[in-house]
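Data first, discussion second: the structure below is written as structure tokens.
Derivation of every value follows stated rules applied to the coordinates shown; laboratory data play no part. Note that the structure is predicted; figures quoted are calculated from it, not measured. Positions of Cβ are backbone-derived with ideal geometry, glycine not excepted, and every protein chain shown enters the neighbour counts.
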Amino acid sequence: MTYLNFVSFFGIFGLCFIAWIFSEDRRVIPWRVIIWGIGLQLVLGFLVFQQPQTREGLQWFSDLLDGIFASADRGARFVFGPLLVPPTGREPYVLLPINPDGTCPPGQVLLDDLTSVANAAASYCTTNRLSYVFAFRALPAVIFFSGFMALLENIGIIQKIVDVFAKLFFWTMRLSGAESLSGAANIFVGIEAAIVVKPYLAKMTRSELCAILACCFGTAASSTLAIYTSFLRPVFPNILGHLVSASIIAIPACFVLSKILVPETGVPLTMGGIPKEDKSKKPDEDGELENAGGETMKRMSPMDATIIGALDGLKMAASIAAILILIVGLVDLINQLFASLATVSDIFKVVNLPNIQGALFYPLTLLTGVSLDDSWTASVIIGRRLLETAIPPYQALAQASKDGLISDRTVIIVSYALSGFAHLASVGIFVGGTIALIPSRRRDISDLGWKALFVGTLATLMISCIAGVFDDGSPSILGEKKKAEPAQVKPQTPALPTSPPKATPSPLSPLPNNASPSPSASPKASPKASPALPTTR
């Protein structure tokens, strides 16, 4: 244990103090919620990071979910083909033109060094393997996982897990039954968690509404975990299990901070216990039954639920793609503005959007317990989420780790800090979705939306503090990283299939433009050493 672990521990209370500064009523301090909420986080963090049995269970759970996402890749590969969704380790090569001076850019090599075939394609450089194509790898996983979660919900597995956590939050922190149930549902879903308690939303107190919205901002829906996992798995193999644990730990963090910011001054309607589903209502003769959202629908079989869930996932994937195109484009437009200003004044070489975001989050990042050497890089990555959603920052985090710019401890802490929907793009989704459920509380929800975003941001930083407290540098926390593939060696005497049988061609002699190497020309070469080469035009 180092001083950074203590920094992370005291950072928990520093974040509580920040929430208290902006509280609606500083005289009302919810001590029970604070003590039990922080206690639950510490206990869960201890189990995740320190207990060998829990680590083994987390590893088993990660492997299980990896198998699920591998199945999603297989389905996407069937639709889009192996070129766009290739199996791991069999990605096609990326070809770039060689420099005029006959050299390749840093980090790239001549294609001839990899293929061991001297032909016209040797005038290209390669970056080894095709990089991750987001649209064809991450978004299909959202569709698959949405359908899979709908299946688990239809057969009753999700409800049992939600009930366990709802009772835990209710009996420990003495929250109202409705907000406990909605908070527990947020472990798996997003705005849909509000639908679970729709009959009680209109009569909820401001504090309850803020807590429910804060849980939406502070956690990540299970259907988006595939996106985050796909970026970080090479540098953080156990990331999937940790993202699930982050969603669980974030619920008490959201309750603690929301009750400090918007204290409970009224008497909630469901203070007596967890709301129960009304099972007395029977479907009519046509088999119709009203769901939690107020819509009338046929009673569904597990297969029907799975298909509808997949179609909902398709809508979600399209929404994610649309938002990313818009947000990333707008951010790039702002960056172009700063770049043009930098030609006028050198001050704008320093004052730019990433640095502004990094400066804004730098004090909060220091509270998480990252080292001073990594603090600025971590702050910029965390700050980017506010405008760009969590997806580009997760990409940047993985790249910074690969480049050796940050330590493993920083990777763990920042991965927890990013694990939520605390960004501007979610304000319209969560606030608009909740207003659609209870139009009569439009003014309260619009006012509480920004406060809930603030709470969600602090909550994700608080769970990153929990990760910082219990991170002891053990390799089992990150997981076993895959070893690099062995270097491909060029055979000494490659054969060229287009030469006459009696000729003995030189290995350096070029082939005609329309010639292509045959797989049988080098029987001793591995398949990785002879990738398919595109036809040059």
Quick one: if you stick a label point 7 Å off each Cα along the C-beta vector at Ala318 and Asp403, how many nm between them?
-> 3.7
Estimated FRET transfer efficiency when R0 is 51 angstrom, pair Ala342-Met303 (beta carbons, to 0.05) | 0.35
Could you give the dipole magnitude of segment 299-438 about its Cα centre, charging the beta-carbon of Lys and Arg +1 and that of Asp and Glu -1, in debye to the nearest 20?
-> 220
Along each principal axis, Cα extent of segment 150-258, largest first, Å = 47, 33, 23
Share of Cα-Cα pairs in segment 1-77 beyond 21 Å, whole percent, is 55
Stretchable slack from Ala359 to Asn5, in nm (0.36 nm times residue separation minus alpha-carbon distance) | 125.1 nm
Specify, per residue and in Å³, the volume enclosed by the convex hull of the alpha carbon atoms belonging to segment 321-469.
-> 129
Between Trp31 and Val328, what FRET efficiency follows from the Cβ-Cβ distance if R0 is 56 Å, with the result rounded to 0.05?
-> 0.80
Given a Förster radius of 35 Å and the C-beta distance between Ser440 and Asp472 as r, what FRET efficiency does 1/(1 + (r/R0)^6) yield to the nearest 0.05?
-> 0.10
So, counting K/R as plus one and D/E as minus one, what does the shell of residues with Cβ under 14 Å around Thr365 add up to?
-> +1
Kirkwood Rh, Cα Rg: Rg to Rh for segment 340-421?
-> 1.00
Count the net charge of all other residues whose Cβ sits under 12 Å from the Cβ of Phe255, scoring Lys and Arg as +1 and Asp and Glu as -1.
-> 0
